[in-house]
Amino acid sequence: MASNNNGSANGGSEEFTFANGPGPVASSGRNGLPKIETHQKRHYGICHDDSSAPVKAQTIDELHSLQKKRSAPTTPIKDGAEPGTFATLTEEERHKLQLQSISASLASLTRETGPKLVKGDPAKKSDAPKVSHSHVVHHVPTISVSDSSLKFTHVLYNLSPAELYEQAIKYEKGSFITSTGALATLSGAKTGRSPRDKRVVKDETTGEELWWGKGSPNIEMDEHTFMVNRERAVDYLNSLDKVFVNDQFLNWDPEHRIKVRIVSARAYHSLFMHNMCIRPTPEELENFGTPDFTIYNAGQFPCNRYTHYMTSSTSIDLNLARREMIILGTQYAGEMKKGLFGVMHYLMPKRQILSLHSGCNMGKDGDVALFFGLSGTGKTTLSTDHNRLLIGDDEHCWSENGVSNIEGGCYAKCIDLSGEKEPDIFNAIKFGTVLENVVFEEHTREVDYTDKSVTENTRAAYPIEFIPNAKIPCVGPHPKNVILLACDAFGVLPPVSKLNLAQTMYHFISGYTALVAGTEEGVKEPRATFSACFGAAFIMLHPCKYAAMLAEKMLKHGATGWLVNTGWSGGSYGSGSRIKLQYTRKIIDAIHSGSLLNANYNKIDVFGLEIPTEVEGVPSEILDPKNAWSDKKAYQETLLKLAGLFKNNFEVFQNYKIGKDSKLTEEIVAAGPIF
């Protein structure tokens, strides 16, 4: 006789016997085989598989729901916390408060109502909780009922990269998984920022505080126009079946971090910001509360060209008093990143914290270096050093606590990317990374980084921890060196110069590099480019205010300023040669080690820069640019030409008073070229 372990006494499985074994005699089955008989008949009379316990589901949908495990909240109750704090709420109560907060964010100010919200994908009805209107409505009046007020909007809240991949591939045309696992997507008609369509509300406060007028990136708009565009964006988002909501942080310094909420219509945008902002832990999300700043990204919907101040179908609007940003008419994700950077350029100086458009790394001994430079100067290449830890590649704060990265990710250019030239960036393009506007092979999905068919501004957005030597958390002590990079295609700036404080301020405000531009005849010549504070498009205050803060912090913490030319030597572009990267790296190494501080220096004419007589591993003949030119007359003419361009650019800044008098401004102007 064979039996299972439970026995019939448990009221479950029954014993059975073969006819030729012990027990009652049974009749023969087919072909003379004995029949299997149970000692008792089951009371429910159905066939049952005893090999495993039955699944705990009555429908296939219930079975699928068992496949996904929900994480239980684990936030401990802090010492001294009052009863009824967010951490002590049930999961249902927490969801209710989150939805109420999001509904309030999406409220129409005219109708004073927020949409009815439920969490989950509308395509997965089993995910949608059963909620009453009171869970999500933010004061619904009894008048002005509209179609949108009768529907539910599904909120996809802080989805994981895997969930966002599913949403993008299923619902957003042009989304594909590449051969390395990255998500390739398209940003639509706009493949770059639209600085002429970016506006800031000018009110009594911002009218006094912000930089307006010639040279300023701030284009004004009034409060009423902002509210018209806000209503348009909110109405569009509320009309959708689902919206993506990201609650995240800016600034790795916990003492000065900012809570941001991004409401968007595309999984691409949600994943992009998931990567670029600092990702909260589940515990931090439980107590997130009301955001400090909110972005409404309705980029698929245009602004109304008949609205005052509008010059196209695109408008990126910033209201610092309301702490809100509206995006209409562009799906380029970089608008969100740089919009928040502008916000930090306004909020941080109010706390006496300097916001910086720079790269930042740290040596093994804790020595921190800041790298400033415009496109093509080598900022990313030189700040990414395998012998040093990367704090960040683009946006930083310098506070009383030291330096901290503003972001949680990197936004790298991909054009002509290769594993040989940029191995860290190349290897970071894997699952979780967003690839913007790249071209790939149809069958293998291998990306061709040399292809510019969509745009030359192809990009990759990935979490900073994808870089092997990233320092997590992304904070460090006070900087020891401040390195200003310039790609001088005129070939008259020295490979390296040590700067005094006034010179550091002058060249920081100037933000110089030179681009190589093609003419109609095919002859190429250098073209000077100046961008205040090495990021004029993003600063909110007058450049001299940031420069004064930089000088103050450098003086207080003993940092040294350096001007490094990564461009041409021995002649301008076309006659001279590009300074070899290996020489520039030797110069940067000497700055990091401190050996360059102890070198002997000579001062050159016109710019008044101090240049070392020797740097280990760098040919001495190129350290003085005049010696590297065979045609001394051409050198002098080119030097004076560039000096004139510097003076013309600085005219817009020289009348600005820093402090009570013009003394500091006069010192800065005097630190420029003299001829």
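Residues in segment 360-376 include at least one that is outside the structural domain of residue 415 (by TED's automatic domain parsing), in contact with a Ser or Thr (Cβ under 7 Å, 6 or more places away or on another chain), of a type outside the set (A, V, I, L, M) and surrounded by fewer than 20 Cβ atoms within 10 Å (Cβ to Cβ). Quick check on residue 160: is it modelled with pLDDT of 85 or more, small (Gly, Ala, Ser), surrounded by fewer than 13 Cβ atoms within 10 Å (Cβ to Cβ) and within 19 Å of residue 267 (Cβ to Cβ)? So residue 160 passes the test. Close Cβ contacts (under 6 Å, 6 or more residues apart or on different chains) running from residues in segment 645-672 that are touching a residue at least 60 places away in the same chain (Cβ under 8 Å) and part of a loop (DSSP other than H, G, I, E, B) to residues that are crowded, with 17+ Cβ neighbours inside 10 Å and among the aliphatic types (A, V, I, L, M) comprise 653/509; 658/548; 658/664; 671/502.
Being modelled with pLDDT of 95 or more and touching a Cys at 6+ places or on another chain (Cβ under 8 Å) is not true of residue 484. Scanning segment 563-572 for residues that are in contact with a Gly (Cβ under 9 Å, 6 or more places away or on another chain) and either buried (at least 20 other Cβ atoms within 10 Å of the Cβ) or aliphatic (A, V, I, L, M) (or both) turns up 564, 565, 566, 567, 568, 569, 571, 572.
For segment 109-124, the criterion of being assigned to a loop (DSSP other than H, G, I, E, B), modelled with pLDDT under 65 and out of contact with any Lys or Arg (no Cβ under 6 Å at 6 or more places or on another chain) is met by at least one residue. Going by the conditions given, is residue 588 under 32 Å from the mean Cα position of the chain (by Cα) and closer than 17 Å to residue 380 by Cα? Yes; evaluated as a whole, the condition is true for this residue.
A quick yes/no check of all residues on (1) assigned to a helix (DSSP H, G or I); (2) surrounded by fewer than 20 Cβ atoms within 10 Å (Cβ to Cβ):
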residue: 312; (1), (2): no, yes
residue: 317; (1), (2): no, no
residue: 322; (1), (2): no, yes
residue: 325; (1), (2): no, no
residue: 330; (1), (2): no, no
residue: 340; (1), (2): yes, no
residue: 352; (1), (2): no, yes
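Filtered by the rule that a residue be assigned to a loop (DSSP other than H, G, I, E, B), among the β-branched types (Val, Ile, Thr) and surrounded by fewer than 19 Cβ atoms within 10 Å (Cβ to Cβ), segment 433-454 gives 444, 450, 454. Being among the basic types (Lys, Arg) and within 20 Å of residue 216 (Cα to Cα) is the filter here, so list the residues in segment 342-387 that pass it. Result: 350, single match.
Given the criterion part of a strand (DSSP E or B), at negative phi and not small (Gly, Ala, Ser), identify the matching residue among 387, 361. Within the list 387, 361, the selection yields 361.
Taken as a whole, the condition of being assigned to a helix (DSSP H, G or I), assigned by TED's automatic domain parsing to the domain that holds residue 470 and touching a Ser or Thr at 6+ places or on another chain (Cβ under 6 Å) applies to residue 345. Taken together, 621, 637 contain a single residue that is in a helix (DSSP H, G or I), over 40 Å from the mean Cα position of the chain (by Cα) and under 25 Å from residue 560 (Cα atoms), which is 621. The single residue among 576, 561 that is of a type in the set (Gly, Ala, Ser) and closer than 30 Å to residue 478 by Cα turns out to be 561.
For every residue, the table says whether it meets (1) outside the structural domain of residue 511 (by TED's automatic domain parsing); (2) surrounded by 14 or more Cβ atoms within 10 Å (Cβ to Cβ).
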| position | (1), (2) |
| --- | --- |
| 621 | no, no |
| 624 | no, yes |
| 634 | no, yes |
| 654 | yes, yes |
| 657 | yes, no |
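Take segment 536-569 and flag every residue that is more than 16 Å from residue 652 (Cβ to Cβ), part of a loop (DSSP other than H, G, I, E, B) and out of contact with any Asp or Glu (no Cβ under 9 Å at 6 or more places or on another chain). Answer for segment 536-569, where residues must be more than 16 Å from residue 652 (Cβ to Cβ), part of a loop (DSSP other than H, G, I, E, B) and out of contact with any Asp or Glu (no Cβ under 9 Å at 6 or more places or on another chain): 558, 559.
Looking only at residues in segment 188-219 that are free of Cβ contacts under 8 Å to residues at least 24 places away in the same chain and of a type in the set (D, E, K, R), the one that is surrounded by the most Cβ atoms within 10 Å (Cβ to Cβ) is 202. The residues on offer are 519, 513, and the sole one that is at pLDDT 95 or above and at negative phi is 513. Residue selection: residue 302 fails the criterion of being part of a loop (DSSP other than H, G, I, E, B), within 15 Å of the chain's Cα centre (by Cα) and assigned by TED's automatic domain parsing to the domain that holds residue 196.
For segment 199-206, the count of residues that are modelled with pLDDT of 95 or more, assigned by TED's automatic domain parsing to the domain that holds residue 249 and within 30 Å of residue 454 (Cα to Cα) is at least one. Taken over segment 455-481, the residue count meeting the criterion of being outside any loop (DSSP other than H, G, I, E, B) and modelled with pLDDT under 95 is 0.
Is one or more of the residues making up segment 584-606 touching a Leu at 6+ places or on another chain (Cβ under 6 Å), at pLDDT 95 or above and either surrounded by fewer than 18 Cβ atoms within 10 Å (Cβ to Cβ) or assigned to a loop (DSSP other than H, G, I, E, B) (or both)? Yes, segment 584-606 contains at least one residue that is touching a Leu at 6+ places or on another chain (Cβ under 6 Å), at pLDDT 95 or above and either surrounded by fewer than 18 Cβ atoms within 10 Å (Cβ to Cβ) or assigned to a loop (DSSP other than H, G, I, E, B) (or both). Summed over segment 166-187, the residues that are touching a Ser or Thr at 6+ places or on another chain (Cβ under 8 Å), hydroxyl-bearing (Ser, Thr, Tyr) and either part of a helix (DSSP H, G or I) or surrounded by fewer than 16 Cβ atoms within 10 Å (Cβ to Cβ) (or both) give a count of 1.
The values are calculated or read from the model by the stated rules, or taken from the named source; none is laboratory data. All of these numbers come straight from a predicted model, not from anything done at the bench. In this analysis, Cβ positions are derived from the backbone assuming ideal geometry, glycine residues included, and neighbour counts consider all displayed protein chains.
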